[in-house]
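The values are calculated or read from the model by the stated rules, or taken from the named source; none is laboratory data. Treat the numbers as computed from the prediction; the structure is a model and nothing was measured. Every residue, glycine among them, receives a Cβ derived from its backbone with ideal geometry; neighbour counts consider all protein chains shown.
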Amino acid sequence: MFNLKRLAMGFTALLLTVAVASCDKDKDDGKENDGPSDTLAPAVLSTYPSAGAIGVALNTSIIARFSEAMNVATITGATFTVTGPGATPVTGVVSYDALNHVADFLPSSALAASTQFTATVSTGAEDLAGNALASPYSWAFTTGTMADTTAPTVTSVGPAHLSTGVPINQAVTATFSEQMDSTTFTTTSFTLMDGATPIPGSVSCPGTTATFTPAGNLPPSATITARVTIAVTDLASNPLAADFIWTFDTGASVANGPAAVVLGTAGNFVILAKTTVTTTGATAVDGNIGLSPGTSFTGFAETLDASGEFSTSAYVSGQLFKSTYAPPTPTTMTTAVLDMETAYDDAAGRVLPDFLNLGGGNLQGLDLAPGLYNWGTGVDIPSAVTLSGGANDVWIFQIAQDLTVGNGAIVTLSGGAQASNIFWVVAGQASFGTTSDFKGVVLCKTQIVLLNGAVLLGRALAQTQVTLDATAITGP
């Protein structure tokens, strides 16, 4: 069905972008307040469906999320295309969500079943400074046999329902069971109320998690009501079955450090990888393991459930999911991997660090306060480091190379610090030595390796593989 709502949103974004571009041109013509020119090419950060995804719903939209704001006039049916077998074009409508930097291709009719399609964003797509993609970006996915007619659900919220003492500088989030249509999220479809008084702010939803960012601090010592309405939909235009409402009470204090990284549905997994998850020895995983588009768990001796949707293992207290299991698992895994990539990009893209190249990358014996840390090198923890802060405080560690944790090394949390609020963002490999004791969520661009006897209180989320050797991982 032709989607007038998305077309209207795309037209609105066009007017907004043209107006902004006009203002920028006026400034340039006046030759005042000129800063450094933007010469950096934009990039496609993530897609839905992801590359290699299978079992994709026949009525889904195809989206591409960019690294920066794009010129909406260059996001068209000529620059964002989808083709089927024999390079046969798929007809559809292309729109652009300026707030979330997301391009949306809505097919004019249902996609063919059990068929591979290729989506491409060409170098005709440009950012607001006129920089084009460095090269065309293409990815392939394969449809399943059914349309998506299931209403999305809210799977978690932050702060949790009926929480108390919530920091007044906290954003509010709602995570959904599947990828959502970002254009349906506004300050009327996702609201915060202090009694009868609306709380002003902005709303974004680049994936499965919508975030309401208040314009200022939340009212102190107040009961806040959050609501997500049936106006929000998934990528197949299925709305929520009913408004989702929850409440929480604020305290009077603020949380220290940057805003927490939103994991979305990736947070449903203790281990998540794209290629392989391998174990040797008596590993113990307390939580779920996910794998996509990879197809093989190694060493877990898993047993497929009668539903065909997941497997179990004596080494895992939760369940194991991979892209070849029965629906809806393929779609669930595609979404979780997309959320993992989105979380990594968010955390790695934070700017204005509180600490730059601290200790030259050697954290031995340091006591680290909440904050944003950045290293242009690797980071080593030979034997000990302490993180001191409160239960709501946040740490983000941006590491440009490898994270190396020594044999027997211990990360100690002090003052109520929580592993769920600690994010290690590693562009290289993350390696944990024998009998090391580590805390935090590891978002790794490559692989995560835990050697014999290593213990992790947190999550291992890798964009390649996770390798375990008689290790213990517990969700935070």
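Hey, does region 206-228 have a residue that's over 29 Å from Gly389 (Cα atoms), at pLDDT 95 or above, in a loop (DSSP other than H, G, I, E, B) and of a type outside the set (D, E, K, R)?
no
Asp97 - would you say it is acidic (Asp, Glu) and over 14 Å from Phe66 (Cα atoms)?
For Asp97, the condition - acidic (Asp, Glu) and over 14 Å from Phe66 (Cα atoms) - is not met.
Looking only at region 448-466, count every residue that is in contact (Cβ under 8 Å) with a residue 60 or more places away in the chain and farther than 22 Å from Thr335 by Cβ and tell me the total.
Total meeting the criteria: 1.
Output the number of the condition that Thr223 fails; it satisfies all remaining conditions of (1) surrounded by 18 or more Cβ atoms within 10 Å (Cβ to Cβ); (2) closer than 26 Å to Ala255 by Cβ.
(1) is the only condition that Thr223 fails.
Across region 121-155, which residue is nearest to Ile245 (Cα to Cα) among those that are aliphatic (A, V, I, L, M) and part of a loop (DSSP other than H, G, I, E, B)?
It comes out as Ala151.
When Phe397 is evaluated against the numbered criteria (1) over 22 Å from Thr276 (Cα atoms); (2) surrounded by fewer than 23 Cβ atoms within 10 Å (Cβ to Cβ); (3) under 18 Å from the mean Cα position of the chain (by Cα); (4) not hydroxyl-bearing (Ser, Thr, Tyr), which criterion, by number, is the only one it fails?
(2)
Can you say whether Thr312 is under 27 Å from Thr474 (Cα atoms) and outside any loop (DSSP other than H, G, I, E, B), as far as the supplied structure shows?
Considered against the rule, which asks whether it is under 27 Å from Thr474 (Cα atoms) and outside any loop (DSSP other than H, G, I, E, B), Thr312 comes out as yes.
In region 63-76, is there at least one residue being surrounded by fewer than 17 Cβ atoms within 10 Å (Cβ to Cβ) and part of a strand (DSSP E or B)?
Checked region 63-76: no residue is surrounded by fewer than 17 Cβ atoms within 10 Å (Cβ to Cβ) and part of a strand (DSSP E or B).
Within region 287-297, is there a residue that is on the phi > 0 side of the Ramachandran plot, in contact (Cβ under 8 Å) with a residue 24 or more places away in the chain, touching a strand residue (DSSP E or B) at 6+ places or on another chain (Cβ under 9 Å) and not in a loop (DSSP other than H, G, I, E, B)?
Among the residues of region 287-297, not one is on the phi > 0 side of the Ramachandran plot, in contact (Cβ under 8 Å) with a residue 24 or more places away in the chain, touching a strand residue (DSSP E or B) at 6+ places or on another chain (Cβ under 9 Å) and not in a loop (DSSP other than H, G, I, E, B), which makes the answer no.
Do the conditions hold for Thr118, that is, is it in a strand (DSSP E or B) and at pLDDT below 95? Outline the logic, then answer.
Values: in a strand (DSSP E or B): yes; at pLDDT below 95: no.
Answer is no for this residue.
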